[in-house]
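In what follows, a single structure is set out as structure tokens and then discussed.
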Amino acid sequence: MFFRIFRLHVMFFLTVFWNTSTFAYSTPQDITFHDLVVVGATFSGIAASINAAKYGHSVVIVEEYPMIGGLMTGGLSFTDFISYESLGGTFRDYMQRVEDYYSRRYGKESKQFQDCHGGIHAEPHVTLLIFEEMLSEYPNIRVLTDHRIESVFLDKPDKDAKKIKGVHFKNLKTNETVALLGKTFIDATYEGDLAAFAGAEYRIGRESRQEYGEPYAGKLFLDKGKMLVGSTGQGDYRVQGYNFRLIMTNDSKNQVKIDQPKGYKRKEYLPIAEVLQQEKVSQVFVEKSRDGIFRLQMLPNNKADVNDIKNAPVRMALLGENYDYPDGDWPTRKRIIDRHKEHILGMVYFIQNDPSIPKKYKKEAQQWGLAKDEFTDNENFPTRLYIREARRIMGNYVFTQNDVNTIDSSLVVALKRDAIAIGDYALNCHGVSPASLYPSIAEGDYNYIPPPFQIPFGVILPKGFSNLLVSVAVSSSHVGFSGLRLEPIWTGLGQAAGLTAHLAMENDIKVSEVVVGSVQELLHQNRAKTVYISDIEADSKYFKAAQYLGVRGFLHDVYLTYKEQMPGVKTYKSIRGTQYAHAFPFHELKPEKTIERELAKKWIDRLDSQNDKNEAQKYLKVHSPTRGAFLLKIYDLLKNGD
């Protein structure tokens, strides 16, 4: 029964135990030692590497593919979040560099600068340049591409915890074996490969509804209005659908037309003709609405990141054809990758060329082609399949749907004192299986938009390891992961993982022994956020104090003073956008406002020391301060007492 609910794995057969005297494996041609070994040059892995290297540690970051950057250089250029106020730290650094690039090259009045939208949208080749620039600023970071993990060797256990000694990789260019030894290891792969090879416990698929009490767990039933009406309650091995994110353009001078792909089967695409003949959608490519087949997400220089549309009549995502990917060996994964590539190329080719397609749709679709100046060494096709979900490595904390629940009837999510990152996006699943009851509604599809939420430390700490951190395939349920599977969040978790690794190495302790308050302090020093505050950014004099006190509940005291003004959930959903919306309401400090007596009392009551309480009372009486001034006073009292 247990294994029918979901796949729970511990991979031992690919783990090698090694000590310095005996080693039963092929001798590597290259053995090197680094303080930190990061597997996966995703942006999360890059953030982890930078944030450890800035404190003097030697770092090697290893990537299976020829190019660093993961999805952000491999097709996904229009990343998901709701409000800019949720972004900070290393991700904001990237955004500033994007803005600087387009400003220098085209000018601040240019369309290219405007289309980068504050540094969020960059062409893939621009993001690659910026990532390379960010890494090059640290000579103590070594970058290895075209290296695929083959095995992990463990040191003698550290009491009850496993300790990784090193990792074997295959150099895909030379076929040589490379061994990388280290003090600390970070898995920043989308698949959780390093952790799985090391023998970590992980899950694939959906939990039952009963396990964590998640309404969106298990197999879902939807009505015609796309509302959740029930669940079988059972879990399974199914994961979210995958697809490539094509980079296309309507600029004829920078276009490559899609030819008939290898393995093309016209019969497979005939349902598209029926959809268009019946005018079930208004256009093939759509930007603002979902009334189409392909979603255009616009980028600078007349390019678009083309994505799957949830519950479209026909889909870019191949629902149900990716179940073997998360745990698959390379031939299995390559087969699935190739199948997705053939599917999307064949789909576009069919719409642009087949005689069964009505002229108005064909003419519109023919305006678009692959961008000639992107992925120039890969026939202008994206280098990475969009892996929305694979393994989830079980850690000291499992993030679930319950972690975005609000306090009573408010629009404030319950406090996480051990937060290391924040998120502001929907719990969002593109479906796991093709439509059954209703032709246009994929089974397992849901979209629930909570208020901004915090992410606790334990999700990056895999159970039973002394020197391993995981920053992408983090500890969560299927539903919980659907709200964490976003590049800004993964980058924030990568930054936290890099700083945690630094503290563990600096103090010669296990990663699980690192004090979360120390991680939070470094995060705040590096402009990262652990609590959502809509009117306090990193350049504010209140930033460090507000973040420090925010994880201690002081900002929740402020937010809940707005409770009577908060609309009902239905009203809130109607005014809240799903992407690039205004700041979330009722989460502002209003630092220039004179502090209210009741709020001041709550803050003073949170102080442990009677001396601090007396000092705060005296300051309040003498100065009649603003919220911001009193916040700084409280911060000063607490920091001096630490």
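The values are calculated or read from the model by the stated rules, or taken from the named source; none is laboratory data. Being a predicted model, the structure only gives us computed values, none of them experimental. Neighbour counts are summed over all protein chains in view; Cβ atoms, including those assigned to glycine, are modelled from backbone coordinates with ideal geometry. With ligands, DNA and RNA removed, areas are computed over all heavy atoms of the protein, side chains included. Shrake-Rupley method; radii C 1.70, N 1.55, O 1.52, S 1.80 Å.
Of note:
- Cα-based Kirkwood hydrodynamic radius, the stretch 66-112, one decimal, Å: 12.5 Å
- The chain, accessible surface, carbon-and-sulfur percent (1.4 angstrom probe): 49 percent
- Residues of the stretch 440-595: accessible area per residue with a 1.4 Å probe, Å²: 30 Å²
- Cα-based reach from residue 170 at 23 Å (exclusive), listing lysines while leaving out same-chain residues under 8 positions away: 183, 334
- In this calculation the C-beta distance from residue 287 to residue 396 is compared with R0 = 45 Å, giving a FRET efficiency of 0.60.
- Viscosity 1.306 mPa s, temperature 10 °C, Stokes-Einstein D of the chain from Kirkwood C-alpha radius, µm²/s: 62 µm²/s
- Shape class for the stretch 109-257: oblate, because the ratio a/c of the largest to smallest gyration tensor axis (alpha-carbon atoms, square roots of eigenvalues) is 1.5 or more and b/c is at least a/b.
- Anisotropy class of the stretch 296-349 from Cα gyration tensor, a/c 1.5 cut: prolate
- Hz values of 3J(HN,Hα) by residue in the stretch 459-473 - Karplus curve (6.51, -1.76, 1.60), Gly and Pro given as x: 6, 9, 10, x, 5, x, 10, 9, 9, 10, 10, 10, 10, 10, 7
- Peptides 118-126, 599-607 ordered by average Cβ neighbours within 10 Å, highest first: 118-126, 599-607
- Cα gyration tensor shape of the stretch 507-642, rounded if a/c is under 1.5, else prolate or oblate by comparing a/b with b/c: oblate
- Theoretical FRET efficiency, 1/(1+(r/R0)^6), r = Cβ-Cβ of residue 160 and residue 265, R0 35 Å, to 0.05: 0.05
- For the chain, the relative contact order works out to 18 percent when only alpha carbon pairs closer than 8 Å and six or more residues apart are counted.
- Between the listed residues 582, 145, 489, the Cα displaced farthest toward the positive end of the dipole of the chain, a dipole computed from Cβ unit charges relative to the Cα centre, is found at 582.
- Farthest toward positive dipole pole in the chain [+1 Lys/Arg, -1 Asp/Glu at C-beta], among 567, 629, 246: 567
- The chain: antiparallel DSSP beta bridges as a percent of all, rounded to 5: 65 percent
- Here's how it looks for residue 162: its modeled amide H is under 5 Å from those of 465, 466, which are all 5 or more places away or on a different chain.
- The chain, dipole about Cα centre (Lys/Arg Cβ +1, Asp/Glu Cβ -1), debye to the nearest 20: 1120 debye
- Ordering 47-59, 142-154 by mean Cβ neighbour count within 10 Å, with the highest value first, yields 47-59, 142-154.
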